[in-house]
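Remarks on the structure that follows.
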Amino acid sequence: MNAPEANRKQLYEANKLAKRLRRQVGEAIADFDLIRAGDRVMVCVSGGKDSYALLDVLLSLRAHAPLTFEIIAVNLDQRHPGYPEHVLPAYLESRGVPYRIVVQDTYRVVKRVIPEGKTMCSLCSRLRRGVLYRVAKELGATKIALGHHRDDILETFFLNLFFGGKLKAMPAKLVSDDGAHVVIRPLAYVSEDDLQEYSQLREFPIIPCDLCGSQPTLQRKQIKQLLRDWEKRHPGRTETIFRSLQNVQPSHLLDPKLFDFGALAASGPGLETSAEASESEAEFTTFSDPK
């Protein structure tokens, strides 16, 4: 393949990826009613690939959306040593995006409170969230947009399953505990691999995290590797697991708060339903398979 053909193919693939991201974000916005006309969306931009992509896709969608909404970017400068504080303002100004840089020394607080070798994410996250909620109120933001993607949601699900004893993930939309803020995750349907590729194509000026993201023993990193190993051995498994989060059957779980098991009673002789037949077949296979 000669150079012009290679360039055309690269451009074609880049455009296809950009369209896929816009479609997936658009679907999440529609499915979960994430953004409405007149919203002022505060996009939290950390300097990582995910938040850059979130801002980029929302700007693109806004330019063609049938509804009008505002975007303002907010970055929390946590005073990490060596943090390149000029990078984000320069990028945001080049995109013509209104922004606010909030300086708060949460880095020193986390390093002082958390013992060396212990996970810093929980405290760091709580401190960040408190600052962002305050800034959202000051800005009159109606929505707070975070850059969590499909893989983050799946990792959170397994973290809660393995270590928290809960069937719980990250919702695409939630209201803060005090009822004052609506948090949205427009990248809920987007894979991390696509965001990585998109980030490289768009050449975002990435700012690496040297606090939480630098800890090699994080349980989240172990879960991420587990999912990648599964996907490598069984392609498509990640997508299947994600679909299961959208297809919940409370009557086939064990939480009486979600389903009224006490109200269940036989209503007549009837015939075995197809679901029951499938379930019986699965049980028979499980217990009779010599392998």
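The values are calculated or read from the model by the stated rules, or taken from the named source; none is laboratory data. All values derive from a computational prediction rather than experimental measurement. A quick note on method: Cβ atoms are made from the backbone with ideal geometry, for glycine too, and the neighbour counts reach across all protein chains shown.
Here are some notes:
- Residue tally, condition in contact (Cβ under 8 Å) with a residue 60 or more places away in the chain and either over 22 Å from Gly140 (Cβ atoms) or surrounded by 15 or more Cβ atoms within 10 Å (Cβ to Cβ) (or both), over region 17-44: 18
- Residue in region 58-80 that is surrounded by 16 or more Cβ atoms within 10 Å (Cβ to Cβ), touching a Pro at 6+ places or on another chain (Cβ under 8 Å) and in a helix (DSSP H, G or I) present: yes
- Count of residues meeting criterion [of a type in the set (Lys, Arg) and over 23 Å from Asp193 (Cα atoms)] in region 23-41: 2
- The number of residues in region 241-256 that are without any contact (Cβ under 8 Å) to a residue 12 or more places away in the chain and either assigned to a helix (DSSP H, G or I) or among the aromatic types (Phe, Trp, Tyr) (or both) comes to 5.
Yes/no matrix, rows are residues, columns are (1) in contact with a helix residue (DSSP H, G or I) (Cβ under 9 Å, 6 or more places away or on another chain); (2) aliphatic (A, V, I, L, M):
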residue: Arg128; (1), (2): yes, no
residue: Val135; (1), (2): no, yes
residue: Leu139; (1), (2): no, yes
residue: His148; (1), (2): yes, no
residue: Ile153; (1), (2): yes, yes
residue: Phe158; (1), (2): yes, no
residue: Lys173; (1), (2): yes, no
residue: Ser176; (1), (2): yes, no
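- Lys49 at pLDDT 95 or above, surrounded by 12 or more Cβ atoms within 10 Å (Cβ to Cβ) and either among the charged types (D, E, K, R) or more than 27 Å from Tyr189 (Cβ to Cβ) (or both): yes
- Leading residue by the ranking (farthest from Ser46 (Cα to Cα)) among those in region 170-223 that are among the hydroxyl-bearing types (Ser, Thr, Tyr), at pLDDT 95 or above and in a loop (DSSP other than H, G, I, E, B): Tyr189
A quick yes/no check of all residues on (1) within 25 Å of Glu197 (Cβ to Cβ); (2) at pLDDT below 90:
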residue	(1), (2)
Leu17	yes, no
Val43	yes, no
Asn75	yes, no
Arg79	no, yes
His86	no, no
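- Members of region 114-168 that are at pLDDT 95 or above, in a loop (DSSP other than H, G, I, E, B) and β-branched (Val, Ile, Thr): Thr142
- Subset of region 24-41 (residues that are outside any helix (DSSP H, G or I), within 14 Å of Lys173 (Cα to Cα) and over 14 Å from the mean Cα position of the chain (by Cα)): Asp33, Ile35, Arg36, Val41
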